[in-house]
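Shown next, in structure tokens, is the structure this report addresses.
The values are calculated or read from the model by the stated rules, or taken from the named source; none is laboratory data. Being a predicted model, the structure only gives us computed values, none of them experimental. Quick reminder, even Gly has a Cβ in these numbers, built from the backbone with ideal geometry, and neighbours come from all protein chains shown. Surface accessibility is based on the protein's heavy atoms, side chains included, excluding ligands, DNA and RNA. Shrake-Rupley method; radii C 1.70, N 1.55, O 1.52, S 1.80 Å.
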Amino acid sequence: FFVLGHDCGHRSFHTSKNVEDVVGNVLMSPLIYPYEAWRIKHAQHHAKTNMLVEDTAWHPVVVEEMEEMSPFVRAATKTILGTPIKFLASILHWIKWHFDLSLYKKSEKKKVAISIACNAAFAAVAWPLLVAKMGWFGLVKFWLMPWLGFHFWLSAFTLVHHTSPHIPFKAKEDWDPVQAQLGGTVHCKYPKWVEILCFDINVHVPHHLSPRIPHYRLRTAYKAICEKFGEYVNEAEFSWKLFWMLVKEPHVYNKEKNYVSFKEQELS
């Protein structure tokens, strides 16, 4: 649902924007994900990929931010980003960016409100129906657990896409769009069943060079990119070792090293 809604948001699903907006809202409402809010903030991620602070997806914690945090918030940040809870952190992103109308321009608020209303309508119908027919356990089994699974994979994919100790985040004045989109994006190989179920969302380099490429053309585009620009392409392969590294190492922004861990930051 999310990947097809993602194509709608990038205007690669249909020739009509109205059709894309309707389909996007229908597909993403069961996830309680406001399509229009996500589309706008996701466009900012593409416009400012790996730009320090400005990127709306994953970015390193900035030292100045940590210094301004209360002890509780600092401890919570370290717990969430420095433990396996990190792979559910997209839930915090979902809460922060997608329901607050004050984060959007006046011209954007109407469509964002419609998307939020679509989510509310789904929840108002589907949740009571599940409880009525199957009890509270039915709601947990058939909506909550799949929803948590969705957020695990959303966190995993998006984290792997742009996070590695050798991939820099840059301040606005030092940021280069070509380096960020080509050299700052990772193509990760997952088990075949994962790639099939996620419509090749892991083939991410061509998506960042040209977001309007539909999901079913990504592999063809990636092959062409590798032939011409292979030396700049970052590749990884799914493993729990990779996931554990992403939990334990890349935490705090460091201009020389790109990242340092929370532990290294404390020692310094």
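Inter-part distance, the stretch 106-151 to the stretch 211-245, computed on C-alpha centroids, equals 33 Å. When the chain is treated as a Gaussian network with alpha carbon springs shorter than 10 Å, the biggest mean-square fluctuation among Glu64, Glu231, Glu249 belongs to Glu64. So which residue, out of Thr163, Thr56, Thr15, gets the largest mean-square fluctuation from a GNM of the chain using Cα contacts under 10 Å as springs? Highest fluctuation among the options: Thr15.
Along the axis of the charge dipole computed for the chain (Cβ charges of +1 for Lys and Arg, -1 for Asp and Glu, origin at the Cα centre), the listed residues Ala171, Tyr104, Val23 are led at the positive end by Val23.
For the chain, a Gaussian network of Cα nodes joined below 10 Å ranks Phe122, Phe243, Phe142 by mean-square fluctuation, and the top entry is Phe142. When Rg and the Kirkwood Rh are both derived from Cα coordinates, the Rg/Rh ratio for the stretch 1-58 amounts to 1.01. Across the accessible surface of the stretch 1-83, with the other protein chains kept in place and a 1.4 Å probe, carbon and sulfur atoms take up 64 percent. Label separation (Lys133 vs Leu103): 3.3 nm, computed from points 7 Å beyond Cα along the C-beta direction. The simple Förster model, with R0 at 35 Å and r as the Cβ-Cβ distance, assigns His166 and Thr220 a FRET efficiency of 0.80.
Solvent exposure of the chain, expressed per residue, is 54 Å² of accessible area, with all protein chains present and a 1.4 angstrom probe. Taking only the alpha-carbon positions of the stretch 134-217 and ignoring solvent, what does the Debye formula give for the base-10 log of I(q)/I(0) at q = 0.12 Å⁻¹? Computed log10 I(q)/I(0) values: -0.49.
Put simply, when 87-99, 194-206 are sorted by average Cβ atoms within 10 angstrom per residue, most first, you get 194-206, 87-99. Rg and Dmax over the alpha-carbon atoms of the stretch 94-175 stand at 18.3, 57 Å.
When the alpha-carbon atoms of the stretch 72-137 are used, the pair Rg, Dmax equals 16.7, 43 angstrom. Counting only residues at least eight positions apart within a chain, or on another chain, the aspartates and glutamates with an alpha carbon under 13 Å from that of Lys105 are Glu36.
For the chain, taking Cα atoms only, Rg and Dmax work out to 19.1, 58 Å respectively.
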